[in-house]
Amino acid sequence: MNILATLRNRFGRALGALGVAESETPELLAMVLPSQDAKFGDYQANVAMPLGKRLGQPPREIAAELVRLADVADLCEPLEIAGPGFINLRLRDDWLAQQVTVASVDVERVGVAQTATPRTFVLDYSSPNVAKPMHVGHIRSTVIGDALYRILRFLGHRTISDNHLGDWGTQFGMIIYGYKHFVDRPALARKPVDELTRLYKLVNTLVEYHETANEKIPAVEKRIADGEQLLAKLRDAAMPADAKAAKQAAKRVRQLDGQLSELRSDLDELLGEVAAVEDDPPMRQLAVEHADIGQRVLLETALLHGGDPTNVELWRQFLPACLLEIETVYKRLGVSFDHTLGESFYQDRLRGVVKDLADKGLARESDGAICVFLDGYDVPMIVQKQDGAFLYATTDLATIQYRMREWHPDAILYVVDHRQSLHFDQLFTAARLWGYRDVELQHIAFGTVLGDDGKPFKTRSGTSVGLAGLLDEAVERAYAIVSQNDAARPEPLLSEEDRRHVAERIGIGAIKYADLAHNRTSDYVFSYDKMLAMTGNTATYMQYSYARVRSIFAKAGADAHSLERAGASPPPRVTSAPHGGEDAPARSNAILLSTPQERALAVALLQFSEALDRVVADYRPNHLTGYLFELATRYSDFFENCPVLRAESDELRMSRLLLCDLTARTLQQGLNLLGIEVVERM
Ligand code: ARG
């Protein structure tokens with residue numbers, strides 16, 4: 001059951017009867033919404049005001065017309081008009097009870113219907129550059145993409161996930177260079193992943209050392225000098241007599257001061273990086289011996305791309321080890337993909353893409369490079385460089401072509417860091433010019449994970465945090481919490497093995513949930529303490545709520561499945577369902593809504609599908625975390641106010657157990673759609 005969809009449907013018909021054009025209805029129906037405040041009922045229809053404006057009629061009159069025309073008596077109490085023309089809708093208790101009873105016997109889908117209009121989605125997420133250690137940023141793409149994939153699929157859409165690995169970039173030039181100069185063969189034979197990682201890090205450090213020393217530091221120093229000069233000028237200037245101008249001048253000085261101190265701290269960091277190499281004699285020696293390493297790494301990469309047999313062979317040899325590394329992380333996260341077609345897969349199609357673009361008059365030469373010029377952009381999209389090399393954008397165009405031919409999607413979603421926005425804007429514009437007009441192309445952008453200092457999350461040693469270490473730490477901390485809680489019980493419930501198992505689910509769940517619960521477009525501060533808190537909008541609290549509901553069944557000696565069976569059989573007696581056609585089960589297993597808390601819980605339970613619709617509407621999983629938090633809160637109210645095992649009658653006890661059971665299953669399903677597993681006890 002989707003209450004909102006049902007109400008919109010009914011109001012849609014009422015608008016039709018009022019003579020509103022079909023093209024205008026969706027926009028108006030968007031104003032039928034759950035109410036923010038229970039005193040205005042459960043839902044509100046605020047369509048009369050905009051409609052009044054359009055028709056030049058008093059909104060209250062229109063509201064009265066709509067109330068007369070809206071055929072909702074089966075599910076709503078008589079409608080009320082408030083203020084200038086708000087229509088307040090309160091759901092009928094008997095209808096709610098019937099609907100929530102139906103949901104409670106829906107073992108598979110907890111009352112969520114599949115979409116009537118399935119679409120085909122290709123989801124491009126995770127997509128790390130392999131051969132570099134994965135870091136915290138990759139978690140966001142992986143976790144958000146996986147949640148969207150699960151939710152779309154649950155709603156009945158066709159979903160295809162494709163991990164567009166960066167398996168063809170400069171990082172391989174680094175490893176190849178490292179292999180040719182620094183390899184430790186026995187180590188490579190023993191632990192290839194570790195040795196390749198060491199080579200990557202070593203070469204990367206050397207490349208960055210030269211870049212930092214020769215380019216970055218001089219650039220920052222120049223900006224500081226310029227800033228200081230400007231600051232001195234501002235300070236020397238006579239104070240303006242006008243108070244407002246004086247205030248502005250002072251503000252400008254403060255701003256500049258702030259910028260300068262930021263630049264100085266950047267400079268310190270860069271000097272620190274350089275010193276780390278120079279204070280380490282063997283590294284310093286290597287830096288001197290490999291002064292042109294940046295150039296030579298590019299050369300190795302170009303050789304690989306040009307088909308040089310040695311480098312291609314080395315790439316073939318290294319790739320499996322790199323994949324093994326990321327597989328381990330995916331396994332731990334419980335994530336898998338339908339396809340993993342990395343950048344290398346498209347290499348022999350790129351020439352054809354550029355040729356086709358040129359033949360169609362979309363790409364032309366400019367300064368030796370081949371470019372697609374797009375209206376509204378200062379810079380063109382380069383598809384082939386002067387030296388013949390193809391680019392990230394060229395591969396992405398080839399990828400669109402392949403996906404369209406192969407899977408005919410209605411939408412392709414790219415879950416990628418917001419810093420790539422310009423790339424995707426240009427890519428989508430170019431793809432449309434190229435002829436792919438009927439597909440929804442979406443960049444599902446996300447913000448940066450920050451440390452306490454407000455800068456991109458890093459460990460104290462200054463390197464970006466490796467993903468495996470991050471997961472380990474969350475699990476370790478979860479283990480400490482679980483052990484502590486369990487030890488505080490009069491009689492501990494969990495064996496050591498249980499504790500480990502629970503800690504893994506809680507630790508991983510905490511990280512995922514923190515990522516999903518933040519609005520994806522904002523940056524957020526990574527904090528183990530916050531994400532593992534037992535109260536508030538965290539996975540830990542959700543998992544705890546779930547376990548708490550389940551513990552009732554342990555106490556009741558009632559097993560939840562037998563409850564479901566009780567609800568589902570004997571064959572449901574069909575009660576008349578005037579509009580829905582969904583049959584309520586036999587009366588003896590009906591849910592009764594005898595208190596405001598039971599009613600509020602029932603409404604929340606029935607709103608699960610609305611939350612999922614909201615996620616899909618703007619591809620934001622935080623609508624689902626928000627919903628689950630609301631549901632857990634409604635449950636908590638219910639639990640505090642309504643005795644379950646000691647209910648006044650058997651009927652009420654059964655009804656409340658059914659509510660508990662549906663709550664547990666809805667929490668479980670919701671968490672599952674976020675890729676988070678529950679635990680029975682914690
Ligand atoms: N490998 C890229 C990176 O780590 C992300 C790829 C995203 N997907 C795409 N089709 N461009 O930055």
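Let me understand segment 241-300 better: what is its radius of gyration from the alpha carbons, and its Dmax, in angstrom?
Cα only, segment 241-300: 21.3, 63 Å (Rg, Dmax).
Rounded to the nearest 10 degrees, what's the angle between the helix 596-606 long axis and the longest principal axis of the chain, both from Cα atoms, 0 to 90?
50
Helix 650-673 sits at what angle to the longest principal axis of the chain, using alpha carbons and giving 0 to 90 degrees rounded to 10?
20
Which angle from 0 to 90°, rounded to the nearest 10, does the C-alpha axis of helix 467-487 make with the longest principal axis of the chain?
40
How would you order 56-65, 221-230 from highest to lowest mean count of nearby Cβ atoms within 10 Å?
Values: 56-65: 16.4, 221-230: 13.0.
The packing order, highest mean first, is 56-65, 221-230.
Counting helices only, and only those DSSP H runs with n ≥ 4, report the 222 nm mean residue ellipticity of the chain as the sum of -39,500 (n - 2.57) divided by its residues, in deg cm²/dmol to the nearest 500. Kindly include the intermediate steps, with their values, before the conclusion.
Details: 26 runs with 391 residues, N = 682.
For the chain, the value works out to -19000 deg cm²/dmol.
Once the convex hull of the C-alpha atoms of the chain is built, how many Å³ does it hold per residue, rounded to a whole number? Display every interim value, and only then the final one.
Working: hull volume 165.3 nm³, N = 682.
Looking at the chain, the number lands at 242 Å³ per residue.
If you scale each eigenvalue of the Cα gyration tensor by 5 and take the root, what three semi-axes come out for segment 166-275, rounded to whole angstrom and sorted largest first? Can you show the working numbers first?
Details: eigenvalues 486, 30, 21 Å².
In descending order, the three semi-axes are 49, 12, 10 Å.
Net charge near Tyr149, counting Lys/Arg +1 and Asp/Glu -1 over other residues with Cβ under 12 Å of its Cβ? Can you show the working numbers first?
On the way: positive: Arg150, Arg153, Arg158; negative: Asp124, Asp146, Asp162, Asp338.
Summing Lys and Arg as +1 and Asp and Glu as -1 gives -1.
With respect to the cross-link table entries Lys201/Lys222; Lys180/Lys360; Lys132/Lys512; Lys222/Lys251, which display a Cα-Cα separation exceeding 32 Å? Before the final figure, lay out the partial values.
Values: Lys201/Lys222 29 Å; Lys180/Lys360 43 Å; Lys132/Lys512 22 Å; Lys222/Lys251 23 Å.
Flagged as over cut-off: Lys180/Lys360.
Values quoted throughout were computed directly from the atomic coordinates according to the rules given, and no laboratory measurement underlies them. Because the structure is predicted, anything quoted here is derived from the model rather than measured. Here the Cβ is made from the backbone with ideal geometry for all residues, glycine too, and neighbour counts use every protein chain on show.
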